[in-house]
1. Compute the acute angle (0 to 90°) between the alpha-carbon long axis of helix 255-264 and the principal axis of greatest extent of the alpha-carbon atoms of the chain; round to the nearest 10°.
2. Can you run phi through the Karplus equation (6.51, -1.76, 1.60; θ = phi - 60°) for segment 422-430 and list ³J(HN,Hα) in whole Hz, with x for Gly and Pro?
3. Report D for segment 115-204 in µm² per second (integer): Stokes-Einstein, Kirkwood Rh on Cα pairs, 37 °C, 0.692 mPa s.
4. With the Cα gyration tensor of segment 262-415 in hand, convert its eigenvalues to equivalent ellipsoid semi-axes via √(5λ) and list them largest first in whole Å.
5. One quarter of the convex hull surface, Cα atoms only: what value does that give for the chain in nm²?
6. Under 5 Å between amide hydrogens, which residues at least 5 positions from Ser93 or on another chain qualify, with H placed 1.01 Å from N in the peptide plane?
7. Jot down the per residue volume, in cubic angstrom and as a whole number, of the convex hull over the alpha-carbon atoms of segment 468-529.
8. Quick one: what does P(r) look like for segment 84-241 with 5 Å bins over all Cα pairs, in whole %?
Amino acid sequence: MRPSACLGGLVAALLCCSASAFAQKSGGVLKFYHRDNPPSASIHEEATNSTVIPFMSLFNNLVLYDQGKTQNSPQSIVPDLARSWSWSADSKSITFKLQEGVKWHDGQPFTARDVVCTMDLLTGKSEQKLRRNPRTTWYGNVDRTTASGDHEVTIHLKRPQPSILALLASGFSPIYPCHIPVAQMRTRPIGTGPFKFVEFKQNEGIKLAKNPDYWKKGKPYLDAIEFAIVPNRATAVLSFVSGRFDITFPWEVTMPLLKDIKSQMPNVACQTTSMNVTTNLIVNRDAPPFDNPELRRALMLAMDRKSFVDILNQGDAQLGGTMQPPTDGVWGLSPEMLESVPGLGPDVQKNREEARAIMRKLGYGPDKRMPLKIATRGISIYKDPAVILSSQLKEIWIDADVDIIETSQWFARITQKKYSVGLNTTGNGVDDPDQNYFENFSCKSERNYTGYCNPQIEKLFDAQSAETDMEKRKKIVWEIDRKLLEDGARPVIMWNRASICMQPYVKGYVAQANSVYNGFRFEDVWIDK
C-alpha cells in the first residue's frame with residue numbers, strides 16, 4: 001500500500017492503515033511433504049536443499065536476499081542480523097553493524113562473537129571442525145574476521161571481492177551460535193530465526209514451532225511448520241491434491257505434473273521458476289576407463305540435450321553452459337555463444353557419428369558394447385533424466401543400468417569418487433560466478449565431484465572475482481565458461497524449470513527465480529482460512 005493511500009483524515013487513516021496491518025492472519029500450521037530424508041539438520045555441512053528448505057527458517061544471516069522478490073540480485077540484498085554495512089576505501093574489508101537485543105532460541109544473547117565463530121568455522125580457523133565443508137571455496141578470499149564490541153564485526157579480505165555480500169545472502173550462509181557444539185547442530189539445531197526446532201524423526205518428518213521471542217516483532221505469522229517425508233512423488237502429489245498438504249516440496253512439480261494438478265485443482269496457486277539448477281553429467285576422470293579423455297568426449301557427444309528438455313519439461317527448460325543462461329540468469333552464455341562450442345551445436349546425428357568413431361577407435365562397436373552403471377540419487381529430478389541418458393548411450397554402444405543411491409549416501413559417495421559415471425543435478429546457492437566456479441570447478445573444492453583441475457583456468461577464476469566492472473567481468477566469465485565446456489569439466493544437459501504449488505489459502509510465499517536455496521525463511525507466510 002502506498003503511504004498516500006492512508007492520508008485524508010485521521011479516522012480514515014486509522015481505518016485504512018489498520019486494515020493494512022491486519023491483512024496477515026496469525027496462527028495455523030503449514031504442512032509440507034518432503035521428498036526425502038535430509039542427511040542432517042546442519043546447513044553448513046550439507047550440499048542439498050533437502051536440508052536448507054526445512055531448516056533455513058531456524059536461522060538468520062548477516063544479510064539476506066529479499067524474500068518477497070522473485071529475482072536475487074545485488075540490489076535485492078537486505079539487512080538481517082546486520083542492520084547496516086560499509087566498505088573500506090581499498091574494498092578489502094566490510095564492516096557490519098549488528099542488530100541489538102537478538103537472542104538464540106535457548107535464551108543466550110547473539111553477539112559479534114557468534115559471527116566470528118561462524119566465519120572461523122567456515123574458513124577452517126576454528127577449534128571446532130565441520131564434518132563436511134562443501135563451501136570452503138566460497139570463503140577462500142577471507143583473511144580473518146574481527147569483532148569490535150558486541151555489535152560490530154569486520155570481514156577482512158585478501159583482495160577485493162564484490163560478490164562476498166551475495167555469498168553471505170544465500171540460504172547456505174546462516175550464522176551459527178558459538179556456544180553450541182557443531183555435532184548438536186546436526187540433530188538439534190539452535191538458531192535466532194522465526195521458528196524453533198521441535199523434532200526430526202528419521203524417514204518420518206520434521207516439526208518446527210513459532211519462536212515467540214523472535215526479534216522481528218509480530219513475525220512469524222504461522223504457529224508451526226510440519227514436513228512429512230514422502231519419497232514417492234506420485235503419492236506425495238496425490239496427497240497434496242486431496243488436501244493433506246498445504247504446499248508441495250519446492251520445484252518437485254514438473255511441467256507434466258503441473259498440468260495434472262491444475263486440471264484437478266482449478267484454484268491452485270503455482271509458481272514456476274528457473275531454479276538455477278542444472279542437470280549434468282559427472283564422470284570420474286581419475287579412474288579407468290574414463291581417465292581416457294576421448295571416452296569422456298564420446299559421452300558428451302552422445303547426448304541429445306533437447307530431448308531431455310522436451311521429455312522432462314515439455315519444452316519448458318533451457319539449454320545453456322556452466323553459468324545460468326539469460327534471461328533467467330545474469331552471467332550465462334547466449335544461445336549463439338553456446339552453439340559455437342564444439343560438440344554443443346544442434347546437429348545431434350553429426351555429434352553421435354563423431355562419438356561412434358571414437359568408440360570404434362577404442363575397440364567398441366555393435367558386437368562389442370561397453371557395460372556401465374549410471375549412479376544417481378534416489379529422487380525423481382535425478383532418476384528421470386538418468387533413464388533418458390541410459391537410453392541415449394545405447395546409440396554409441398554403451399549398455400547402461402541406472403544405480404539408485406539414497407540421499408543419505410549420495411553426497412558422501414560422489415565426494416569420495418565411488419562412481420564411474422553419474423547423472424547429477426547441481427543447484428547454485430547464488431547466481432554469481434564466484435559461487436559456481438570456485439565451488440564446483442576449483443582443484444581443491446570438496447564439491448568438485450569429477451576431479452577436474454586446470455590451474456590456468458583457476459587463475460581466471462581469481463581475475464573475474466576481483467573485477468569490479470561488471471561488463472569486463474562478464475567477458476572473463478564467458479571465457480571461463482567456454483573453456484569448461486570444451487574440457488567437459490561437468491557437461492551440462494539442461495537448466496531446469498519447475499513449480500511449487502500451494503493451496504489457495506496459503507499466502508505470502510514468493511518462489512526465488514534464480515536459486516533453490518534462498519526462499520525458505522517463511523516468516524512472511526500466513527494461512528488465510
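1. On a 0 to 90 degree scale, this one is about 50.
2. Result, rounded to whole Hz: x, 9, 10, 10, 10, x, 9, x, 8.
3. For these conditions, the coefficient is 224 µm²/s.
4. Each semi-axis is the square root of five times an eigenvalue, giving 29, 21, 16 Å.
5. For the Cα atoms of the chain, the hull's average projected area reads 26.0 nm².
6. Ser88, Leu157
7. Once divided by residue count, the hull of segment 468-529 is 135 Å³.
8. In order of increasing distance, the bins hold 1, 8, 14, 18, 18, 15, 11, 7, 5, 3, 1, 0 percent.
The values are calculated or read from the model by the stated rules, or taken from the named source; none is laboratory data. Everything quoted here is computed from the prediction, not taken from an experiment. Calculation scope for accessible area: heavy atoms of the full protein, side chains included, ligands and nucleic acids excluded. Shrake-Rupley method; radii C 1.70, N 1.55, O 1.52, S 1.80 Å.
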